[in-house]
Amino acid sequence: MNKRCLWVGLWAGLLLPCALFADETETRTETNAEIRQAITEGNRAYKAGELSQAAAQFDYVSTLIRQLQAGELGTLFPEPLTGWQAEKVDTQAGSAAFFGGGINASRRYRKDNASLELSITKDSPLLQTMAVLFTNPSMAAMGGYKVKRIKGQTAMMKEESNSRELQMLIANRILIQLRGRGVTEEDLNAYAEALDIEALTRL
């Protein structure tokens, strides 16, 4: 390889992350501008007595904020562990009118014939129904779950044939689900341990 090609490769490696970061920053700046504009329009409509228009604008603000949260949530997924490969994080933010709001993000990991999906759901009213299982070990056992502790948090493990799943409920508002085929209990534990619980609760 000649020196010219070497320098081109080095500069490309340095500039590509900067370009990606710039795109993310620009997108966030545009979203912040939309949020401010919608708040201004909502205030104007409210003062003018246009309550339906005001409500629509503030609902839009809530959706945009949840989208920002979903994007930040996507950055908290662990990198693939040794020998594993990972796909791009998929994020979703539900509106207040559908699914009761809340945000969700997921990522798939693969290793040889094993596959695993890690899903994180935050601030959804639907999580209240899950809290019953975590606060009632007897009910969880009836559902085939084994209760354990991971990083100081209550976790439930379930095994069926070649499939395993692990669930954790953090602060009654963040549900972590790991589902995999061809995976071991140690695999699920390792990915659960790799999560930054403190960062998730701050989001």
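Derivation of every value follows stated rules applied to the coordinates shown; laboratory data play no part. Keep in mind that what you see is a predicted model, and the values were worked out from it rather than measured. Cβ atoms come from the backbone with ideal geometry, glycine included; neighbour counts cover every protein chain shown.
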Legend entry - Over region 78-202: Kirkwood hydrodynamic radius from C-alpha pairwise inverse distances, Å: 15.1
Inset, instruction - Evaluate the distance, in nm, between pseudo-label points positioned 7 Å from the Cα of N172 and of T29 along their respective Cα→Cβ axes. - result: 4.2
Inset, instruction - In nm, give the distance between the simple-model label positions of R108 and E159, each being 7 Å from the Cα along the Cα-to-Cβ direction. - result: 2.5
Legend entry - Taking D196, D123 and counting other C-beta atoms within 10 Å, the order from fewest to most: D196, D123
